[in-house]
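A.B. asks: Quick one: the structure is below, and I'll ask about it shortly.
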Amino acid sequence: MVTTARSDYSTMYPVMRAAQEDRDIDARIFCAGMHLVERFGMTYQQLEFDGLDINEKIDYYVEGDTPLGLARSLGRGVTLFAEALERHKPDIIVVSGDRVENLALFTAATALQIPICHMCGGDITEGAFDNQVRHAMTKLSHWHMVSMPDHARRVLQMGEEAWRITMTGDAALDTVAGFQALSREELQKLEDIPCDGELVLSTFHPQTLGVNDGLQEYRNVLAILAEQTATPVLTYPNIDTGFEPLLEQIEAFRTVRPDAIVKKSFTRKGYYSMMAHAQFMIGNSSSGLWEAPSFELPCVNVGGRQDGRLRTSNVIDVDGLDVSALRRASIKAGSSAFRAGLKGIVNPYGHGGAAELTLSVLKNTPIDDRLLVKKFFELDIDPVKLGAEGF
């Protein structure tokens, strides 16, 4: 089981925990990528805090936020992952999501002919190259644990056989189901968040596809946060190319709002408790669409990073280049009337039990030629009617 960033760990944690507690499974955990970068908080420590045993720390990150630096990191990662896999010789690899760092893992596993169980395939995020990465991972995987029917349909559309696909929901919501938030006093003790006053949560990541207006969008988000009476709580962006200018904006914001709280990372319990207590959240994090509905938390979703992803009524989509629209959206999200309207909303990404279902499927699927030799499932589609060029 592999995690390379705090984003995929939210989904991987319940599976890792369940696998390590299962006497029939010899679970090995690889921790890599962003988790091992000091500048981003050395978040491998969260796994240790959660009581998980890390078997390999695979450090292949090359400093810098340029595309060339990312490509060099991936090249180094292929070698290091291959060597680690050769040492442990796993029967199955379980991995989640869409992080580009995982391409190194998938390349090594494919070369070594180790079957892969991919979680959260079939989703869409049109504003990030994670979208293509996710679909590439789907084609290299042998099992598909998807969150909802639309995702299953897309995986089928990519030619994957139906028997390989199981609709589990997102395992991140296994943790959210029945979650007991820390009190404000406990949250202050754990995460140094003030226990008095309103809080606004913000995470903003680089936009890695399309016209890149991300820096100006973030400047505008910070301008809106500067106006809030609530205390802004900002988390670092992820390690995608283009993170450096965003970090510079965060440092500049400290002079405008000395009371702002800046976190390189949260513990999982701290982050979910923060979501439970926040007035609203603003930015372009997937957690505003994935986990926030479970907390009935309003989310101002800025720009195009999450385009194509299913959202519920907690999400207010807004053009990040329009400061007036951002202001109106933040006022709406912070209103008691909007929050009251979210009572009882259903999270479409899952309701718990995904980890157990995932492990059950893996334990009951023979690793044989039927699994390893992938056939292309043909859909009855006329390319001429689709308007395909050249037909």
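A.B. asks: For His142, His35, His135, what ranking results if the residue with the fewest other Cβ atoms within 10 Å of its Cβ goes first? Spell out each step's value before the answer.
C.D. replies: Values: His142 21, His35 29, His135 17.
Neighbour counts put them in this order, fewest first: His135, His142, His35.
A.B. asks: Using Stokes-Einstein with the Kirkwood hydrodynamic radius over Cα pairs, what translational diffusion coefficient do you get for the stretch 184-340 at 4 °C and a viscosity of 1.567 mPa s, in µm²/s rounded to a whole number?
C.D. replies: Numbers: Rh = 15.5 Å.
In µm²/s, the coefficient is 84.
A.B. asks: I've got another one for you. Checking the a/c ratio against 1.5 first, then a/b against b/c, what shape does the Cα gyration tensor give for the stretch 293-369?
C.D. replies: Details: a/c = 5.64, a/b = 2.13, b/c = 2.64.
Oblate, since a/c reaches 1.5 and b/c is not below a/b.
A.B. asks: From the phi angles alone, apply the Karplus equation (6.51, -1.76, 1.60; θ = phi - 60°) to the stretch 170-182 and give each ³J(HN,Hα) in whole Hz, x where the residue is Gly or Pro.
C.D. replies: These are the phi-based 3J(HN,Hα) values: 7, 5, 4, 7, 4, 6, 5, 4, x, 5, 9, 5, 5 Hz.
A.B. asks: Sticking with this structure for a sec: If a/c stays under 1.5 just call it rounded; otherwise compare a/b with b/c (prolate if a/b is bigger, oblate if not). Do that for the chain, with a ≥ b ≥ c from the square roots of the Cα gyration tensor eigenvalues. Present the calculation step by step, with values, prior to reporting the outcome.
C.D. replies: Working: a/c = 1.57, a/b = 1.41, b/c = 1.11.
It comes out prolate by the Cα gyration axes.
A.B. asks: Among Phe106, Phe40, Met167, which residue has its Cα furthest toward the positive end of the charge dipole of the chain, with +1 on Lys/Arg Cβ and -1 on Asp/Glu Cβ?
C.D. replies: It is Met167.
A.B. asks: Using packing as a proxy for protection, rank 25-33, 183-191 so that the peptide with the highest average count of other Cβ atoms within 10 Å comes first. Don't skip to the end; give the middle numbers.
C.D. replies: On the way: 25-33: 21.3, 183-191: 14.7.
Top to bottom by mean Cβ count within 10 Å: 25-33, 183-191.
A.B. asks: Another one. Counting other beta carbons within 10 Å of each Cβ, put Cys195, Cys299, Cys117 in order, fewest first. Intermediate results must be reported in sequence, preceding the final value.
C.D. replies: Numbers: Cys195 12, Cys299 30, Cys117 23.
Sorted ascending by nearby Cβ count, the order is Cys195, Cys117, Cys299.
A.B. asks: Sorting check: for 103-111, 285-293, which peptide has the highest mean count of neighbouring beta carbons within 10 Å, and how do the rest follow? Don't skip to the end; give the middle numbers.
C.D. replies: Values: 103-111: 20.0, 285-293: 24.9.
Per-residue mean Cβ counts within 10 Å order the peptides as 285-293, 103-111.
A.B. asks: What is the distance in Å between the Cα centres of the stretch 306-365 and the stretch 140-171?
C.D. replies: If you average the Cα positions of each part, the centres end up 21 Å apart.
A.B. asks: List nothing, just return the count: lysine pairs in the chain, 8 or more apart or interchain, with Cα separation under 24 Å.
C.D. replies: 17
A.B. asks: Each residue of the stretch 59-71 in order: what ³J(HN,Hα) in whole Hz does its phi give by Karplus 6.51 cos²θ - 1.76 cosθ + 1.60, θ = phi - 60°, with x for Gly and Pro?
C.D. replies: Along the stretch 59-71, the couplings run 9, 10, 6, 9, 3, x, 10, 8, x, 5, x, 5, 4 Hz.
A.B. asks: Under a point spin-label approximation (7 Å from Cα along Cα-to-Cβ), what is the Leu342-Leu112 distance to one decimal in nm?
C.D. replies: 4.2
A.B. asks: Put a dot 7 Å past each Cα toward the Cβ at Glu356 and Arg87; how far apart are the dots in nm?
C.D. replies: With each label point 7 Å from Cα toward Cβ, the separation is 3.5 nm.
A.B. asks: Dipole of the chain, Cα-centred, from +1 at each Lys and Arg C-beta and -1 at each Asp and Glu C-beta, to the nearest 20 debye? Could the numbers behind the result be given before it?
C.D. replies: Numbers: 38 positive and 53 negative charges, 66 e Å.
Dipole magnitude for the chain comes out near 320 debye.
A.B. asks: In addition: Can you put His88, His205, His351 in order of Cβ neighbours within 10 angstrom, beginning with the fewest?
C.D. replies: His88, His351, His205
A.B. asks: Could you pull out every residue, at least 5 positions away or on a different chain, whose amide H is within less than 5 Å of the one on Asp317? Hs are placed 1.01 Å off N in the peptide plane, and Pro or chain starts have none.
C.D. replies: Asn301
A.B. asks: Then there's this: Could you list which residues have their amide H under 5 Å from that of Val262, counting only those 5 or more apart in sequence or on another chain, with H placed in the peptide plane?
C.D. replies: Leu234
A.B. asks: Label the stretch 1-156 by shape, choosing from rounded, prolate and oblate, from the square roots a ≥ b ≥ c of the eigenvalues of the Cα gyration tensor; if a/c is under 1.5 it is rounded, and otherwise prolate applies when a/b is larger than b/c, oblate when it is not. Don't skip to the end; give the middle numbers.
C.D. replies: Values: a/c = 1.31, a/b = 1.03, b/c = 1.28.
Judged from the Cα gyration tensor, the stretch 1-156 comes out rounded (a/c under 1.5).
A.B. asks: Of the candidates Thr229, Thr168, Thr267, which one comes out as most mobile in a Gaussian network treatment of the chain with C-alpha springs shorter than 10 Å?
C.D. replies: Greatest mean-square fluctuation among the candidates belongs to Thr229.
A.B. asks: Going by alpha carbons, how many degrees (0 to 90, nearest 10) lie between the helix axis of 354-363 and the longest principal axis of the chain?
C.D. replies: Tilt of helix 354-363: around 10 degrees.
A.B. asks: What's the center-to-center distance, using Cα atoms, between the stretch 47-116 and the stretch 19-45 in Å?
C.D. replies: 11
A.B. asks: Which loop-located chymotrypsin sites (Phe, Trp or Tyr not before Pro) does the stretch 315-381 contain, where loop means any DSSP state but H, G, I, E or B and the Cβ has at most 14 other Cβ atoms within 10 Å? Numbers along the way, then the final one.
C.D. replies: On the way: sites: Phe338, Tyr349, Phe376, Phe377; in loops: Tyr349, Phe376, Phe377.
Loop-located and lightly packed - Phe376.
A.B. asks: Quick one: if the Förster radius is 35 Å, what FRET efficiency do Met167 and Lys57 give, using the C-beta to C-beta distance and rounding to 0.05?
C.D. replies: 0.60
A.B. asks: Okay, next question. Can you work out the Karplus-derived ³J(HN,Hα) for every residue in the stretch 125-132? Use 6.51 cos²θ - 1.76 cosθ + 1.60 with θ = phi - 60°, whole Hz, and x for glycine or proline.
C.D. replies: 9, 6, x, 8, 6, 3, 4, 5
A.B. asks: Right, another one. With r as the distance between the Cβ atoms of Ala177 and Glu198 and R0 = 22 Å, compute the FRET efficiency 1/(1 + (r/R0)^6) and round to 0.05. Intermediate results must be reported in sequence, preceding the final value.
C.D. replies: Details: r = 26 Å, r/R0 = 1.20.
According to the calculation, E is roughly 0.25.
Any read-out appearing in this document is the output of simple, stated calculations on the displayed coordinates, not a laboratory observation. Just so you know, these numbers come straight off a predicted model, no measurement behind them. FYI the Cβ positions are ideal-geometry reconstructions off the backbone, even for glycines, and counts take in every protein chain you see.
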